[in-house]
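Report on one structure; see the data block that follows.
The values are calculated or read from the model by the stated rules, or taken from the named source; none is laboratory data. Because the structure is a prediction, the values reported are computed rather than measured. Cβ atoms come from the backbone with ideal geometry, glycine included; neighbour counts cover every protein chain shown. SASA here: full protein model, heavy atoms, side chains in, ligands and nucleic acids out. Shrake-Rupley method; radii C 1.70, N 1.55, O 1.52, S 1.80 Å.
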Amino acid sequence: CSVAQIAKSIILNTAKDQRPVLVVASGINRVDEKKVSALLGEKVKSADPDYVLRTTGFAPGGVPPVGHATRPVVLIDETLKPFATLWAAAGSANAIFELSFEQLVGLTGGMVADVQKPA
């Protein structure tokens, strides 16, 4: 697959109440925390590895878009929409699974949004 078809899971947390935020982004994009903060109406920051493991149940590098220990707020990178096939982590750094954009949105209940940093 192309790197753009990889639906990578980025975990952030809200600065005020430490609520988990999952951003599912295209593998070629970097997440713009300012855009995410604006969408949520509160500041977010990158999560450290211990927070990721504690809130998702998965180690960084293998976090899937579903099945988290604590249900996160989910935002989905709109640039993933054109692809017929996406590939997402399946719980470890060595496992992936195939799904469509529609399946990703349906499984996560995520909001599709502009979350990427400008090139």
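The table below gives the values:
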{"read-out": "All positions within segment 26-58 that are open to solvent by less than 10 Å² (accessible area, probe 1.4 Å), in contact (Cβ under 8 Å) with a residue 60 or more places away in the chain and in contact with a Ser or Thr (Cβ under 8 Å, 6 or more places away or on another chain)", "value": "Ser26"}
{"read-out": "Scope segment 31-47; condition at negative phi, assigned to a loop (DSSP other than H, G, I, E, B) and of a type outside the set (A, V, I, L, M, F, W, C); matching residues", "value": "Asp32, Glu42, Lys43"}
{"read-out": "Filter pass, Thr79 being surrounded by 14 or more Cβ atoms within 10 Å (Cβ to Cβ), modelled with pLDDT of 95 or more, hydroxyl-bearing (Ser, Thr, Tyr) and within 17 Å of Leu99 (Cα to Cα)", "value": "yes"}
{"read-out": "Any hit, segment 48-66, residues being more than 28 Å from Phe97 (Cα to Cα) and in a loop (DSSP other than H, G, I, E, B)", "value": "no"}
{"read-out": "Residues being open to solvent by less than 40 Å² (accessible area, probe 1.4 Å), touching a residue at least 60 places away in the same chain (Cβ under 8 Å) and in a loop (DSSP other than H, G, I, E, B) - total across segment 91-119", "value": "2"}
{"read-out": "Members of segment 68-90 that are free of Cβ contacts under 8 Å to residues at least 60 places away in the same chain and of a type in the set (S, T, N, Q)", "value": "Thr70"}
